Amino acid sequence: MGNIKCASKIDLSNQNLKEIPKYVITNRNLKELNISGNNFTELPKELFSLRHLKKLDISNNKISTIYADIAKLQKLEVLNLNKNLLKALPNQLFILKKLTKLLLNGNQIGQINTNIDSLQELRYLALSNNYLIEFPKEILKLKKLERLWLNNNKFHTIPLKDLKDELPNLKGLYTFSAQIYDKNNPNQFIFDIRGNVKRSIDLHAYENAKPNTKLIQSEVQKIHKMKNSIFISYSHKDLKYKEEVETSLKSLRNVFPDLEFNYWSDTQIKPGSNWFEEIENKLVNCDIAIMLVSRNFLASDFIMKKEVPALLEKLKTNGVLLLSIVIGKCLFEKSQLRDFQAVNSPNTPLNSLKDYEVDIILSKLEETITDYFNTEKNN
């Protein structure tokens, strides 16, 4: 990260903090700050001087109050307030016009302020595990919304047709609620489905569906059987980049637990296992393959003669999303992978970038994976 006083990204999670260190407040270059898992009871006022901040994670604290000065963070794009003690949101929060992700899972929110419709850039809205007694119709005005988490609230009906009509970009809808059961509710099945309801269920077609029909049961079973998996292909000489990718995948699972995916690399092979058979099995069954391309990668006979051909064959038959990350200057554009769009340009490999630039590439990877797993790829 270099000099922490000039860092663009600072992680102070799980440090038992009650106040923000001075070096953070004086850092005018700071764009990302993680202070999750500490002992804050209110949003620290000192944060409001960080006018260049784009991402703020203050989840897993004890915050019940957000000061109006949060409106000063005009460049904020991602705000994670999961697992706090919020009962309401101040109007000033809705002045943050650049917000694309607002995460409010695990609070005590009973209703949504009507001014939320001012957040017209919002794409992710997480409201699971709150106290909402009615479906918050205000969110129907968020026309760019792509993913909506509503699990484990207190309402028993969801306007499926309105969601379809009013939110044309909606790709992910999460509504599983273990405590809700009403056998006479025609919408009951959407509270029984774990994961993305919209992934294989057309919202129009199921608006008036009767519960317990064979068709609904079939769709529910289909969703439960889906096991999203990611295969990481890399050279052992590039281990540190593999670990960076795994950190991104771990953060995705923590922020969006309903995304439900597994990832695998050969470091997970247990001693005594048939390593070739295990790799082959993971290749055949993966949904996404992340390839960390470098001279070492292209020089590996096993990767280029076994793994890559297997993935290209799978692409022809069952489909797979191939995501190349170019980590070092190499012959990528001359290789058989050149026809597949890389996450970053081959002219800007990871090992030539500064830390914050690498973070941008990995953030793009996270977005791509989230988009893929939340689209109706089987329809």
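Read-outs throughout are calculated quantities, based only on the coordinates presented, and are distinct from any laboratory measurement. Since the model is a prediction, treat every value here as computed from it, not as a measurement. Positions of Cβ are backbone-derived with ideal geometry, glycine not excepted, and every protein chain shown enters the neighbour counts.
In table form, for the structure just shown:
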item	result
Theoretical gain in end-to-end length, LEU239 to SER49 [0.36 nm per residue, Cα-Cα removed]	64.6 nm
Pairwise Cα inverse-distance average, inverted: Kirkwood Rh of segment 228-373 (Å)	15.5 Å
Cα centroid of segment 12-84 to Cα centroid of segment 88-112, whole Å	14 Å
Burial order of peptide ranges 234-240, 32-38 (average beta-carbon count within 10 Å, highest first)	32-38, 234-240
Amide H partners (placed H, <5 Å) of VAL293, local residues excluded	ILE325, VAL326, ILE327
Protection-proxy order for peptides 250-256, 320-326, 335-341, each taking the mean of Cβ atoms within 10 Å per residue, highest first	320-326, 250-256, 335-341
Under 5 Å, built H, 5+ apart or other chain: amide partners of SER229	ASN262, ASP287, ILE288
Local electrostatic count at SER8 - Lys and Arg +1, Asp and Glu -1, tallied over other residues with Cβ under 11 Å	+2
Extension gain (nm, one decimal) between GLN74 and LEU140, 0.36 nm per residue minus Cα-Cα	21.4 nm
Residue-count net charge about ASN296 - beta-carbon cut-off 11 Å; Lys, Arg +1, Asp, Glu -1	+1
Residues GLN341 and THR41, FRET efficiency given R0 of 41 Å [Cβ-Cβ distance, rounded to 0.05]	0.35
Rounded to whole Hz, the Karplus (6.51, -1.76, 1.60) HN-Hα couplings of segment 91-105, x for glycine and proline	4, 5, 4, 7, 8, 7, 5, 8, 4, 10, 10, 10, 10, 10, 4
For segment 239-244, 3J(HN,Hα) per residue [Karplus equation, 6.51 cos²θ - 1.76 cosθ + 1.60, θ = phi - 60°, Hz, x = Gly/Pro]	4, 5, 6, 4, 5, 5
Phi-based couplings in Hz for segment 230-236 (Karplus 6.51, -1.76, 1.60; Gly and Pro marked x)	10, 10, 9, 10, 7, 8, 4
Compactness of segment 69-111 as Cα Rg over 2.2 N^0.38 Å, two decimals	1.13
